[in-house]
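Down below is the structure, laid out as structure tokens.
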Amino acid sequence: MEGRFGRGLPCPAGLRLPALALCLLLLWGCGGASKLSVNLPPDSEQPATLFTPDSRIKAVVPPAAVADTLRLLIVNTSEMDHAVPGPAGRSLVMSVDISAQLVPQNTDSAAGGDGGDGAADGGSNTDGGAAEPEPEPKLAKALEMHFMLQPALAPGLSIPLYLFNPVSQRYEESSLSGLTSDDGTELVFSADDFGRYAFYSLKQDELPPPAPEGLRLLAASTQVRRLSWNSVAGVAGYNLYRALDSGPGGAEPSFSKLNAALLTERDYSDELSAPGAYLYRVSSVWPENAGGQSLESLPSAEIASPAVPFDVLFEFGNESGSGLHRPGGLAMDSAGGRLFVADPYAGDVFVYDLAGKQLGSFFRYGQTEALSPSAVAYDADLGRLYVADSGLHAVYLLHAGMNRQTSLPYALSGTFGQEGSGPGEFASPCALALWQGQVLVADRGLDKLQQFTPLGVYLRTLAQAGDQEGQLLDPLALLAQDSGGLLIADFGNLRLSGFGDDLAPASPIEIDPLLGGPLSPAGLAEDFRGQIYVSDPPGRRVRVLDSAGAELFSFGSQGSLIVEFGAGGPGALALDRRTGYLYVCDPDNGRILVFSS
């Protein structure tokens with residue numbers, strides 16, 4: 001006998017109960033055996049729905065399920081079957097006996113015979129021979145059976161069913177299984193033959209885990225939504241689901257899973273393909289049990305993340321006593337939640353959390369007092385902070401890893417460079433970048449770009465002064481791109497210069513002055529879509545280019561989003577990939593502006 005079952009929800013849910021407690025709860029309110037007997041004619045054209053008198057078991061009989069008129073008998077045998085042997089370590093929850101008898105047809109209507117006694121005039125053997133055996137009743141189509149569950153289980157949970165073996169007089173494993181209904185209140189399976197079917201209690205690892213609680217939105221920008229949730233003990237990981245939010249009266253949300261592999265962290269940044277309003281929910285998943293299943297919980301309560309306009313979210317640094325004078329360089333530590341700000345006018349490097357709270361500052365590199373820190377770069381892999389000090393004509397290396405030293409000032413681990421114009425020497429180092437495992441230093445005093453090892457050993461000079469490809473005039477910022485290339489804010493040449501990952505010069509990016517004014521780049525950042533953010537101080541705006549260099553829009557006093565920068569315009573940029581927030585230096589106002597990029 002082969003069982004068939006319907007399809008449930010793809011996202012099962014959690015109810016963790018000990019096996020015995022689950023059994024007792026499901027049997028609550030269920031008395032002894034109850035039965036329903038009904039005649040089913042073969043010419044029925046509509047499905048028939050039958051309940052046992054206690055309403056705990058339902059049978060749906062499809063049209064033409066029988067070839068002859070049958071008396072169908074459905075008996076809830078749950079109470080009497082508790083003494084029947086079954087699978088080890090499990091308790092009986094519910095059982096049903098489905099049987100039938102052929103209803104004899106009375107062909108002698110004139111005699112007024114009783115067709116209910118199982119005999120008809122044509123039923124006797126006039127030859128005195130042995131009586132022919134009565135045919136066995138059969139089903140032409142399977143019955144759909146429902147066990148009513150109290151309390152509900154997880155929607156879509158697959159549960160094994162057991163069959164009574166009349167030879168061994170016990171319930172034994174079968175190939176049958178059922179699925180809990182969409183709301184988890186019914187166990188649904190198909191019976192394509194008569195017999196006794198039983199559902200036994202589930203073990204702990206066969207029940208889904210509880211859904212995570214505390215799903216919350218940590219940050220929201222036009223491009224990224226960062227979420228977090230509470231942990232669930234013992235699970236292998238989590239699945240996060242997202243749907244478009246059509247609002248009240250809109251279409252029913254259709255959730256899709258965001259992660260290809262289970263999430264093991266409780267913090268996730270969803271990078272959006274398009275801005276808009278979204279809904280989120282999260283589920284938890286057990287490790288594989290003995291049956292090779294990794295059961296998933298119900299989804300958590302959903303949260304809404306409304307659409308976010310591209311605008312200023314907040315600002316910091318210009319409050320009284322902050323110490324920030326004219327911020328000149330930024331370095332992002334997304335994982336550590338820190339922003340390093342070099343301020344050459346204050347002769348200090350400030351450290352903020354990403355909400356703008358000052359964590360501290362340091363004006364010494366070991367025993368050397370800072371003079372004009374102009375640029376910073378952070379190596380998350382090594383936990384190392386590089387500071388270019390244009391007044392000291394050198395680059396300083398400091399231990400700044402969260403797992404090494406969290407207090408300020410950070411310990412000095414090395415330095416390289418000195419005043420001069422030769423290899424490895426600097427006049428005014430103003431920009432840093434980590435690229436291809438090496439350290440790049442741009443020098444606006446020498447119009448030069450040099451490459452060093454992570455410990456400061458000089459390797460080569462990549463670019464020198466000039467206006468041709470591969471040459472620079474007044475370089476102000478460096479950007480290591482996701483594509484593997486390097487982008488340079490070539491301020492003196494009114495363009496973006498660069499190099500490919502093979503160190504060959506790339507074609508410069510320029511903007512036609514008639515289309516949007518000349519490009520005077522001073523700060524660079526890139527988002528996960530490959531869009532480039534370029535600060536343009538003379539225009540007092542930030543310009544946004546696509547990955548090919550075409551201008552998309554701008555914001556600032558000359559842009560579509562009116563934001564007043566100081567007279568010197570915006571400077572250094574940094575983008576937090578986990579939130580999509582863009583941090584913009586506004587030197588003349590002594591502050592950092594944060595946008596929902």
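The values are calculated or read from the model by the stated rules, or taken from the named source; none is laboratory data. Note that the structure is predicted; figures quoted are calculated from it, not measured. Note that each Cβ is placed from the backbone with ideal geometry, even for glycine, and that neighbours are counted across all protein chains shown.
Odds and ends about this structure:
- From the list ASN239, ASN165, the one residue that fits, being touching a strand residue (DSSP E or B) at 6+ places or on another chain (Cβ under 7 Å) and free of Cβ contacts under 8 Å to residues at least 40 places away in the same chain, is ASN165.
- Candidate set from region 519-546 (those that are touching a residue at least 60 places away in the same chain (Cβ under 8 Å) and outside any strand (DSSP E or B)); member that is nearest to ALA377 (Cα to Cα): ASP527
- Within region 343-367, the set of residues being surrounded by 22 or more Cβ atoms within 10 Å (Cβ to Cβ) and in contact (Cβ under 8 Å) with a residue 60 or more places away in the chain comprises just one member, TYR352.
- Among the numbered conditions (1) within 22 Å of VAL439 (Cα to Cα); (2) of a type in the set (S, T, N, Q); (3) buried (at least 24 other Cβ atoms within 10 Å of the Cβ), the only one that SER535 does not meet is (1).
- Among residues of region 90-108 being in a strand (DSSP E or B) and either modelled with pLDDT under 90 or not hydrophobic (A, V, I, L, M, F, W, C) (or both), the one that is surrounded by the most Cβ atoms within 10 Å (Cβ to Cβ) is SER95.
- Selected residue (criterion: nearest to LEU330 (Cα to Cα)) from residues of region 476-516 that are part of a strand (DSSP E or B) and in contact with a Phe, Trp or Tyr (Cβ under 7 Å, 6 or more places away or on another chain): LEU476
- Scanning region 266-302 for residues that are surrounded by 22 or more Cβ atoms within 10 Å (Cβ to Cβ) and either on the phi > 0 side of the Ramachandran plot or part of a loop (DSSP other than H, G, I, E, B) (or both) yields TRP286, LEU295, SER297, LEU298, PRO299, SER300.
- Residue selected from region 511-532 under the condition surrounded by 15 or more Cβ atoms within 10 Å (Cβ to Cβ) and acidic (Asp, Glu), by the criterion farthest from LEU478 (Cα to Cα): ASP527
- Positions within region 57-89 being hydrophobic (A, V, I, L, M, F, W, C) and part of a strand (DSSP E or B), in sequence order: ILE57, ALA59, VAL60, VAL61, VAL66, LEU70, LEU72, LEU73, ILE74, VAL75
- Test: ALA219 is under 21 Å from the mean Cα position of the chain (by Cα) and crowded, with 18+ Cβ neighbours inside 10 Å: yes
- Filtered by the rule that a residue be hydroxyl-bearing (Ser, Thr, Tyr) and touching a Gly at 6+ places or on another chain (Cβ under 8 Å), region 137-174 gives SER158, TYR162, TYR171, SER174.
- From the list ALA370, ALA377, the lone residue that is in the same structural domain as VAL439 (by TED's automatic domain parsing), surrounded by 20 or more Cβ atoms within 10 Å (Cβ to Cβ) and within 40 Å of the chain's Cα centre (by Cα) is ALA377.
Condition check ((1) surrounded by 18 or more Cβ atoms within 10 Å (Cβ to Cβ); (2) part of a strand (DSSP E or B); (3) among the β-branched types (Val, Ile, Thr); (4) touching a residue at least 40 places away in the same chain (Cβ under 8 Å)) across all residues:
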site: VAL395; (1), (2), (3), (4): yes, yes, yes, yes
site: ALA433; (1), (2), (3), (4): yes, yes, no, yes
site: LEU446; (1), (2), (3), (4): yes, no, no, no
site: LEU449; (1), (2), (3), (4): yes, yes, no, no
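- Identification of strands (runs of 3 or more DSSP E) wholly contained in region 122-224 with 3 or more residues that are within 30 Å of GLN46 (Cα to Cα), in contact with a helix residue (DSSP H, G or I) (Cβ under 9 Å, 6 or more places away or on another chain) and of a type outside the set (S, T, N, Q) yields 195-200.
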